[in-house]
Amino acid sequence: MSNFDRLVRFIVVILLISILYVGEFKGLIAFIIIVVSAMFLFASVTAFCPFYKSTNISTYDSDDYL
């Protein structure tokens, strides 16, 4: 997973958590936001995305190998 991809996922996590905090989401929608945020945070921190692994997608640039 490229550094840009990790950064985008982290920004999405920040946005989802802030939407959850500011908005009045309850119930299933709030649970879905929390689960998606947790999955994106895990992928962002560990640089491992199960979806990318299962589909053989790679977002590495040549600069990421240095």
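Every residue in region 11-28 that is open to solvent by 90 Å² or more (accessible area, probe 1.4 Å) and part of a helix (DSSP H, G or I), please.
Within region 11-28, Ile14, Leu15, Tyr21, Val22, Leu28 qualify.
Can you name the condition, by its number, that Val45 falls short on among (1) exposed (fewer than 14 other Cβ atoms within 10 Å of the Cβ); (2) out of contact with any Phe, Trp or Tyr (no Cβ under 9 Å at 6 or more places or on another chain); (3) among the β-branched types (Val, Ile, Thr); (4) at pLDDT 85 or above?
So the condition that Val45 fails would be (2).
Within region 1-18, track down each residue that is in contact with a Phe, Trp or Tyr (Cβ under 8 Å, 6 or more places away or on another chain) and at pLDDT 90 or above. Outline the logic, then answer.
Initial filter on region 1-18 (in contact with a Phe, Trp or Tyr (Cβ under 8 Å, 6 or more places away or on another chain)): 1-2, 9-10, 12-13, 16.
Once the filter is applied, which keeps residues that are in contact with a Phe, Trp or Tyr (Cβ under 8 Å, 6 or more places away or on another chain) and at pLDDT 90 or above, region 1-18 yields Phe10, Val12, Val13, Leu16.
Out of the residues in region 48-66 that are assigned to a loop (DSSP other than H, G, I, E, B) and open to solvent by 70 Å² or more (accessible area, probe 1.4 Å), state the one that is modelled with the lowest pLDDT. Walk me through how you get there before you give the answer.
So in region 48-66, the residues assigned to a loop (DSSP other than H, G, I, E, B) come out as 48-49, 56-61, 66.
Remaining after also requiring open to solvent by 70 Å² or more (accessible area, probe 1.4 Å): 48, 56-58, 60-61, 66.
Details: Phe48: 78, Asn56: 68, Ile57: 68, Ser58: 66, Tyr60: 64, Asp61: 59, Leu66: 47.
The extreme case among them is Leu66.
The values are calculated or read from the model by the stated rules, or taken from the named source; none is laboratory data. Remember, it's a predicted structure, so these values are computed and weren't measured experimentally. Cβ: placed from backbone, ideal geometry, glycine included. Neighbour counts: every protein chain shown. What goes into the accessible areas is simple: the full protein's heavy atoms, side chains included, and nothing from ligands, DNA or RNA. Shrake-Rupley method; radii C 1.70, N 1.55, O 1.52, S 1.80 Å.
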